[in-house]
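The values are calculated or read from the model by the stated rules, or taken from the named source; none is laboratory data. Small disclaimer: the values here were computed from a predicted structure and weren't measured. Here Cβ is always computed from backbone atoms with ideal geometry, including for glycine, and neighbour counts include all displayed protein chains. Only protein heavy atoms, including side chains, enter the accessible area calculation; ligands, DNA and RNA are left aside. Shrake-Rupley method; radii C 1.70, N 1.55, O 1.52, S 1.80 Å.
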Amino acid sequence: MAHASFDGLRVLSLESRRATEVEKLIRTYGGEPFVVPAMREVPLESNRQALDFADNLLKGNFDLVIFFTGVGVRTLLNIVETKFDREQFLHALRAVQIAARGPKPQAALKELKVPVSVTAAEPNTWREIMQGLEAKYGASLAEMRVAVQEYGASNPEFLSALSERCREVTKVPVYQWALPEDLRPLRECVLGIAKGNVDVVLFMTAVQIIHLFQVAEVMNSQQELREGLRSMVVISIGPTTSEELAHYGLTPDFEPSRPKMGFLVNEAAQYAAKVLRQKRSGEAAKDALRAPAKSAVPAQTPAAAPTKSAAAAAKPATQRVRRVAPSTPTMAGFRDALMPIDFLHEISSRIAGSDSFHVVLGRIVDFVTTIIPCDSCFIYVLEGEKLVLRASQNPHADLVDHLGIKLGQGVTGWSAEHREPVAIASNASNDPRFKAFKNVPEDHFEAILCTPILCAGKVVGVINLQHRLSYQHSPNEVRLLSTIGYLVGAEIERARLESENAQLTGKLETRKAVDRAKGILQRDLAITEDEAYRRMQAESRQRRKSMREIAEAILLGDDLRKAKADTTEKSA
C-alpha cells in the first residue's frame, strides 16, 4: 500500500466553496498548499426563466425535471418563493418525475420530501444521467417534456443528446459562475505555473480550467500556461473536467478512483511525487503509476472529448486518462496524525448547526467519507427495536428510511447489540454474523467496518463502511470511526428528537385545523361530525390535497365571509 504523502510538494487548488477543507487536507498530507478560488457564484440578472418554469410546472406542462446541483435546488426554490406559493410549487414538483445528477441534489430534494426516480451513477456526469433516464423510461422518454436545472453554464452536449430523445427540453438557469472580483491571485497562479513554481495542480471542476485560461488569455500567456501545466502533475477529479482539459490540449496524469475531494487529495498524495520525478526526468508519464497490485491503475479509461482549439487539434482525439484502481488505502490524514484540535473543530462545525435530521446525517456521511475513503457509508438510527437506514453515501432512494434491521441481525445489528466495533478484512459474506438484504448492492462488497453510535451510554445507531476490495483496517482507523461514533451520538439523538417533535407538532396543528373545519361544516350544512369528516376526506382524495390543506381552505373561506359581513355591516 502506497504511503500517502506529498513530501513537501507545492500543491495548487482552485477550489472556491471548500477552499478551507482542501487546504487542510493538502497540509495534512505533507503538501505546501496554494488555494486560489477561481470562481464565484453570482445571481442571474433576471429570474424570468426560472419563474416561467415554475408557472409551467404548476400548469402541468412538464413530465420530468432534472436537477444538477444541491445549490441549484435551493436557489430555484428561493427564486420561486418570490412569486409563487412554496407548498404549491413543491406539490407540483412531487407530481412529476425527478432525476438528480448525484447525491447532493438528491439530498436537497429529500429534505423537501421530493422523491427522486433516477440518480446518476458515479462519476455523476451527464452521460450517467442519460444512461439512467434511458434505462428507467426507455421509449416513453420520446414523449416527455423535460426541464433541466442548469448550474453555472449550459451543457450543450447533454442538452443536444436530451433533445434528440425527448419531445421538448427547457433550460432553467438559476445561477452562474463568474470570475473572482480580485483577479490578482489568479494572475499570480498563471505566472507561477508558467515559471514552474508549482508541482501539483488539482482541478475539481471544468469551470476552474475555463477561468484559468481566460485570465491567461488576457495576459497573452496561454501557451506559457499550457507548457507549465505539462511540466507538472495535473490531476482531474473526473471525466467532465478531463474533457475540458482536452479542449485546451492537455491530458491529466490521472483521475482518482472516486470523484470525491477526499479520494482526489489522498491518491494525489500517494502518486504525485513519482509522476513528477518521471515527468521531469523525461520518462513517460503513463508509467508513473506502476504501483503494487493493490494500487494498480487500470489501462482502460474514458476517451477524451473532441478538441475545440488549435492546440488541442494537434493531439490524438482518443488519448486516454488513467484512473486509480478502485481501492481504499488508508487515509494519511489520521494515520499520520491530523492535529486533534483540527479534527474536533471540523466535525463539530459540521454538526453544530440547528439543521434537520437528514441534513445532520448527510454531513456526518460527508465527513466520514472524506477522512476514511470507502466505497459505501451507511448510517443506521435505532428506533424502537430496529435499526433504520437513514443516510447513505451512495444513492438508495428505495432503501433510505425504509430498510430496517433488528438488533443482533447481520454485522450491523451485532455491532449495535454488543456495542463493539466490527472489522472484517475480506469475504464479509462468509462471516457467520453476515446477513444479505434484498436489493442492497453493498452486500457484495468484500470488507466491512462497523461501529456503534452512543449517547449517554445507550446505542442510538451504527456507522457502517464497506469496501469493494479486501481491506485490512488498521487499529487507528477503527479507533477513529469509534471516536466519531461517540462525538456524533448526542447530535443524532438531538436531531432525531427535534424531528419527532416537529412531526408531532405538525400532526397536532393538523388535528386542530381539521376539528375547526368540521365545526364550520356542521354549522353551515347542518350535518353531523362524522359526515363533515367524510366530506373532507372525499374532497381531499378528489383534489389530491392533504386533509390539512382542505381544512385550511375551509377556515380561510369562513374568515373571508366574516370579513365581508363585517365590511357590509359597517358600510350600512
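Scanning the range 136-159 for any residue that is touching a helix residue (DSSP H, G or I) at 6+ places or on another chain (Cβ under 6 Å), polar (S, T, N, Q), within 14 Å of VAL65 (Cβ to Cβ) and touching a residue at least 12 places away in the same chain (Cβ under 8 Å) turns up at least one such residue.
For the range 175-194, a residue qualifies if it is assigned to a helix (DSSP H, G or I) and of a type in the set (A, V, I, L, M), and the qualifying residues are LEU186, VAL190, LEU191, ILE193, ALA194. Listed by position, the strands (runs of 3 or more DSSP E) enclosed by the range 1-81 that each have at least 3 residues that are over 22 Å from the mean Cα position of the chain (by Cα) are 10-13, 32-35.
Candidates LEU202, LEU186, LEU179, LEU245: the one that is surrounded by 21 or more Cβ atoms within 10 Å (Cβ to Cβ) and either within 30 Å of VAL80 (Cα to Cα) or at pLDDT 95 or above (or both) is LEU202.
For beta carbons closer than 9 Å, sequence separation of 6+ or different chains, a first residue in the range 212-231 that is closer than 18 Å to ASP182 by Cβ and open to solvent by less than 50 Å² (accessible area, probe 1.4 Å) and a second that is of a type outside the set (Phe, Trp, Tyr) and assigned to a loop (DSSP other than H, G, I, E, B), the qualifying pairs are LEU212/LEU14; LEU212/ALA38; VAL215/ALA38; VAL215/LEU179; VAL215/LEU183; VAL215/SER221. Could you list, in sequence order, the residues of the range 95-123 that are assigned to a helix (DSSP H, G or I) and buried (at least 18 other Cβ atoms within 10 Å of the Cβ)? Scanning the range 95-123 gives PRO103, LYS104, PRO105, GLN106, ALA107, ALA108, LEU109, LYS110. Scan the range 55-65 and tell me whether some residue there is without any contact (Cβ under 8 Å) to a residue 60 or more places away in the chain, polar (S, T, N, Q) and over 24 Å from LEU179 (Cβ atoms). Checked the range 55-65: no residue is without any contact (Cβ under 8 Å) to a residue 60 or more places away in the chain, polar (S, T, N, Q) and over 24 Å from LEU179 (Cβ atoms). What pairs come up if the first residue lies in the range 21-48 and is more than 12 Å from LEU202 (Cβ to Cβ) and charged (D, E, K, R), the second is surrounded by 15 or more Cβ atoms within 10 Å (Cβ to Cβ) and modelled with pLDDT of 90 or more, and their beta carbons are under 8 Å apart, counting only those six or more places apart or on different chains? Correct list of pairs: ARG27/PRO33; GLU32/PHE6; GLU32/LEU9; GLU32/ARG10; GLU32/VAL11; GLU32/ILE26. Count, please, the residues in the range 48-59 that happen to be buried (at least 20 other Cβ atoms within 10 Å of the Cβ) and of a type outside the set (Phe, Trp, Tyr). Of the residues in the range 48-59, 3 are buried (at least 20 other Cβ atoms within 10 Å of the Cβ) and of a type outside the set (Phe, Trp, Tyr). Taking the range 236-264 as the range and being in a helix (DSSP H, G or I), touching a strand residue (DSSP E or B) at 6+ places or on another chain (Cβ under 7 Å) and either in contact (Cβ under 8 Å) with a residue 60 or more places away in the chain or not polar (S, T, N, Q) (or both) as the test, the residues that pass are SER242, LEU245, LEU264. Scan the range 447-460 for residues that are among the small types (Gly, Ala, Ser) and in a strand (DSSP E or B) and report the count. Final tally of qualifying residues: 1.
If you go through the range 514-556, how many residues are under 41 Å from the mean Cα position of the chain (by Cα) and in a loop (DSSP other than H, G, I, E, B)? Final tally of qualifying residues: 3. Summed over the range 461-505, residues that are open to solvent by 40 Å² or more (accessible area, probe 1.4 Å) and assigned to a strand (DSSP E or B) total 0. The strands (runs of 3 or more DSSP E) found wholly in the range 366-446 and carrying at least 2 residues that are in contact with a helix residue (DSSP H, G or I) (Cβ under 9 Å, 6 or more places away or on another chain) and crowded, with 17+ Cβ neighbours inside 10 Å occupy 376-383, 386-392, 422-424. Taken over the range 124-165, the criterion of being crowded, with 20+ Cβ neighbours inside 10 Å and either outside any helix (DSSP H, G or I) or modelled with pLDDT under 90 (or both) is satisfied by ASN124, THR125, TRP126, VAL146, ALA147, VAL148, GLN149, GLU150, TYR151, GLY152, ASN155, PHE158.
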